[in-house]
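Remarks on the structure that follows.
Values quoted throughout were computed directly from the atomic coordinates according to the rules given, and no laboratory measurement underlies them. Quick caveat, the model's predicted, so the values are computed rather than measured. So basically every Cβ, Gly included, is an ideal-geometry build from the backbone, and we count neighbours across all protein chains shown.
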């Protein structure tokens, strides 16, 4: 499977690349900027990746590619340590000496039920999954999604049916060698083999691993525990094993428990005779001082101080080539680090941090992000940092996780409040290098050797936990970053194959760590805790690869080697020898400097010169700095790049002149690195050179260079010198200076600086000015006239410009002058409809508390006088914060709309949801209107919204009795939500009526017996006694429900994808109200574009039937109890220091001031409505699951 990603925000047109072995294929949108040489290099790498003639070998037959759905059983128990070989004559895979049979028919939906396609040009998801064309149409090129969202894609659809036709996913064709091994069917390129290097009982649940200099493998092993992290911290049930291959056959055969009683270990690194292990909240240094195989010296190297529920506070550590130790902070708990200037670094964001091994000097943040979980970091030969992360963006269009080029000072997604307060170098966040989808990426490795082939050197391998694969990423320099050609090195059809680490052995083979099926904590794709499904460590080799003699150089003298002898090994063809020589020279200190300088000056080997530079970084002696200064003039780009990184981390002020020269003469990568170094050196004379460099950037893409120049100016914090750039004749220089002045301390920008640029011709400069203006509401008075003119011209603007104008007005909304401008746009009858809609959009986005009185009255006037603007006016009402004494101005027109039988049901519900202070006491007409919507045949969204409104209303005793009776006939989607209306009631008569209704309700099986028992107990012993029979019946219903799921599984095999698509889009199921599929649908629930790749049919059925059984990361519900007695359950979609915004259902969100919150705690009930399995027929449910499973 081959795909091509980009180091830039997706934008523009997709260039054509043909991959014979590719199923998932896409091309960087910026490829049009490549030089012919680079494009040819990229194509060459692509051809190498795709050059194998592929076949599926099963039971003596061959199937072209792997078009069929692979069928493989789930593993149970230990992995059998067999090796797989291919019999060329028989065409079968032999396991342990006997043929392994299986099935491999092409799936019915991919062959019989779909028309043949004409393949013309690839897109990001491959020919069979391109969402830009209906099934059966020719496959043409399409733009990639814009970083501003799917707006560009919508332009291609002229009707809703056309959009919906994009949703039908198909099965992609892949072409790989298929190898059966144990309970796995592995796909990997032809010419490669896979075998078990270590399995049970030697190792059972491996997580991460690291080699020492002697080739011993240290493996972090889980006990299988999924206990809460605080329990694991107390009990420390995990351990570190040391594995040895005593006979050199590639299979480990000896085990020692190196360290027991460990907290959940999430990273291992061998450095200078010790094993470093991240076990949140600490990184431990474990040392075996007497070489008996057990760590007798255990010390905390770092205490990060936080431990959150998923234990993703800490990943790593990782040894940087510069001699520093790097690690990742995930989660969003606040951490504090001291700094030399006395002002601590306090952050909730995610980061890559670094520190010297001896813990001297400050801890430095390298990267900042809003992602949930940055995991692993590797380094290119020149020292650029690449890392994997989950939730780089909010899930949409199949995108979520990613591989990222981590620029120093960069701020990355996802965008939310934790990244506020960190300096930014552009209006948005920095882009992803390549998208990985819902992969849950874990371990990462850059290949330093050629054991898999020359074309694999410096490739990056990434573990994809959810997708059961290890992917290969070929980097091609472009601008100051990279593009990538992406493919799968190995994947398994076994749903319990979860690779968590990958590492290169000294002989060039690859070890893949499969942790097995035990992990469930914060992982909804591992639905079940399966500690009995054990993992293993697999070894991948290239068949026929030449054997490497003494791959670790163990026959060489190391302890007594001189500096000259060690320097000779810096260019050794064996990567392990080179790395050990670098480390040894670093430990020698000043004694090694002459030998290193000799290598840098005279060696013909660029690798040796580069390694000499890296070795010098580890030496504290001032004379060592001369080595990187010399290397700044090297003819090899990566040697210069390494030298720039050393100058940067060492803050070598003596290199400033050469660094500044490279800002104009270096390659794009080295101009970027030179800018990074210039900022860290702190020399004010660099400011004009940096400004000039921003005008001299090479041809696009140059975003990385501009980022590093801007961040350098921010670090230098010389506002007077930087201000000179505002008067430059070059738009890029003005943009860089503008952003740097805004972000640096003491920048002292004024509205006079920004106002003229709001109308600049250059769109990037105009965007930057608008972003900065929005950050300064105190400028509202000075900018009011400008925005008034913009509103007058709103009718001439394209839609995206009007949306941007609404955003700018919202950001400046606290300004009284801007409030007047917005009010005038609503109340002046001479204004255009477009101007009115922009003003309403600004009010909806502003979230001012309290809202300006002029806005309240203006929105009320729109509700009364402009029926064409009813929907946006209601949306504005929902964001207004209105005091009780002013609520009447809005309640009257909203109630009029809600009572209007000529208005649509959705509009009437919107009006009720927007009422300031809530629905309150509904009159009989409104109460009857809402009760009628509880009909099981009503659209699903209407049922749930009506139920939520009733549950939050101040019902009379008579209405509550009527509601209790109505529950008997209410649909399964609304019954659980209606019970909230009875939570604070104690009347025995009401309780008995409620029990009677539930006994008669066909929807009672959707209720959770424990929650129902707690509710009914409040009504007294008589009700509790009557409820005993009901609760027993619900328990019996649950058993029948589980049996129903078992009965549905065979039906899924015969289901129809097209019918399932119709169910997904229907009002009866209302799936797309909350869930996105492709670029269509809501974003309240998890994105389902590629759900079929990570969930089995059983998983999908259980998620529909039991939506509260597990929660997807970032979609966990919370319960908020307010001081006025309200209890709200929903998803946190926004939070700040003074508020929390909860999404209650598909249509309704509520903003709760923190001052009003009595208690906030994790919830146990999903906002996805229970009962969908009853709302749909068995055939509809089976068809829906078939459709979701095909979404890959």
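Taking a cut-off of 15 Å, what percent of all Cα-Cα pairs in segment 637-678 are separated by more than that?
Numbers: 193 of 861 pairs.
The share of Cα pairs beyond 15 Å in segment 637-678 comes to 22 percent.
Can you give the extra length, in nm with one decimal, that the chain gains between residue 604 and residue 961 once fully stretched, where that is 0.36 nm per residue apart less the Cα-Cα distance?
119.5 nm
With r defined as the distance between the Cβ atoms of residue 415 and residue 996 and R0 fixed at 45 Å, what FRET efficiency is calculated, to the nearest 0.05?
Numbers: r = 51 Å, r/R0 = 1.13.
Efficiency at R0 = 45 Å is approximately 0.35.
Restricting things to alpha carbons, find the Rg to Rh ratio for segment 554-641 using the Kirkwood radius for Rh.
Result: Rg/Rh = 0.94.
Can you compute the modelled spin-label distance between residue 824 and residue 900, with each label point 7 Å from Cα toward Cβ, in nm?
2.9 nm
Hey, could you get me the Stokes-Einstein D for segment 828-969, Kirkwood radius over alpha-carbon pairs, 20 °C and 1.002 mPa s, rounded to whole µm² s⁻¹?
Result for D is 134 µm²/s.
Sorting check: for 568-574, 748-754, which peptide has the highest mean count of neighbouring beta carbons within 10 Å, and how do the rest follow?
568-574, 748-754
Can you figure out the FRET efficiency of residue 1042 with residue 935, using R₀ = 25 Å and their beta-carbon distance, to the nearest 0.05?
0.35
Return one quarter of the surface area of the convex hull spanned by the alpha-carbon atoms of segment 651-775, equal to its mean projected area, in nm².
Working: hull surface 28.2 nm².
Approximately 7.1 nm², given one-decimal rounding.
Which residues does the label zone of residue 730 cover in segment 705-721, counting backbone N under 18 Å from a point 7 Å along Cα→Cβ?
What the label zone holds, given the 18 Å backbone N cut-off, is 705-714, 721.
So for segment 204-260, what are the equivalent ellipsoid semi-axes in whole Å, largest first, each being the square root of 5 times an eigenvalue of the Cα gyration tensor? Don't skip to the end; give the middle numbers.
Details: eigenvalues 140, 20, 14 Å².
Gyration-tensor ellipsoid for segment 204-260: 26, 10, 8 Å.
What percent of all Cα-Cα pairs in segment 289-418 falls in each 5 Å bin, counting up from 0?
In order of increasing distance, the bins hold 2, 10, 19, 22, 19, 13, 8, 4, 2, 1, 0 percent.
Which of the peptides 802-813, 552-563 is most tightly packed, and how do the rest follow, judged by the mean count of other Cβ atoms within 10 Å per residue?
Taking the mean over residues of other Cβ atoms within 10 Å, the ranking is 802-813, 552-563.
At 7 Å along Cα-to-Cβ for each site, give me the label-to-label distance between residue 1025 and residue 928 in nm.
3.9 nm
Could you tell me the calculated FRET efficiency between residue 833 and residue 857, based on Cβ-Cβ distance and R0 = 22 angstrom, to the nearest 0.05?
0.65
Treat each spin label as a single point 7 Å out from the Cα along the C-beta direction, and report the residue 1122 to residue 334 distance in nm.
2.5 nm
Scattering from the C-alpha atoms of segment 777-880 alone, worked out with Debye: what is log10 I(q)/I(0) at q = 0.12, 0.20, 0.21 1/Å?
-0.31, -0.93, -1.04
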